[in-house]
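Undergrad: The structure is given below, and queries will be raised subsequently.
The values are calculated or read from the model by the stated rules, or taken from the named source; none is laboratory data. Predicted, not measured: the structure shown is a model, and the values here were computed from it. So basically every Cβ, Gly included, is an ideal-geometry build from the backbone, and we count neighbours across all protein chains shown.
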Amino acid sequence: MAPGDLFAKIPLIGMCMVFLAMAIVAVTAYLHAGWYSIIGYAIAAVIAVVGFVLTFRDVSDNSPPAAGDRDARRP
């Protein structure tokens, strides 16, 4: 796999992580494991946040701006 292909798959990986978090919440709610449910919900929350960030971050332009471009972006 070329390194450029990974950047195209990052949103897909993030979306799968969000769905995984929803599945963990569903299983945890179904099992009613008492205090152990907190662990399941915490893991699901971490996975959901990381998945959300991976899904919606901008990977199209990760190069630093040139010195002249920095002044042109100001209003």
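Undergrad: Give segment 21-40 a look and list any residue that's surrounded by 15 or more Cβ atoms within 10 Å (Cβ to Cβ) and not small (Gly, Ala, Ser), or say none.
TA: Across segment 21-40, the qualifying residues are Ile24, Val25, Thr28.
Undergrad: Need pairs with beta-carbon distance below 8 Å; first residue touching a residue at least 60 places away in the same chain (Cβ under 8 Å) and within segment 20-48, second surrounded by 12 or more Cβ atoms within 10 Å (Cβ to Cβ) and among the hydroxyl-bearing types (Ser, Thr, Tyr); sequence gap 6+ or separate chains.
TA: Filtered contacts from segment 20-48: no entries.
Conditions tested, residue by residue: (1) within 19 Å of the chain's Cα centre (by Cα); (2) modelled with pLDDT of 90 or more.
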residue: Lys9; (1), (2): yes, no
residue: Met17; (1), (2): yes, yes
residue: Ala21; (1), (2): yes, yes
residue: Ile24; (1), (2): yes, yes
residue: Tyr30; (1), (2): no, yes
residue: Ser37; (1), (2): no, yes
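Undergrad: Which residues, counting only those in segment 39-75, are over 30 Å from Met22 (Cβ atoms) and either in a helix (DSSP H, G or I) or at pLDDT 95 or above (or both)?
TA: Answer for segment 39-75, where residues must be over 30 Å from Met22 (Cβ atoms) and either in a helix (DSSP H, G or I) or at pLDDT 95 or above (or both): Ala67, Gly68, Asp69, Arg70, Asp71, Ala72.
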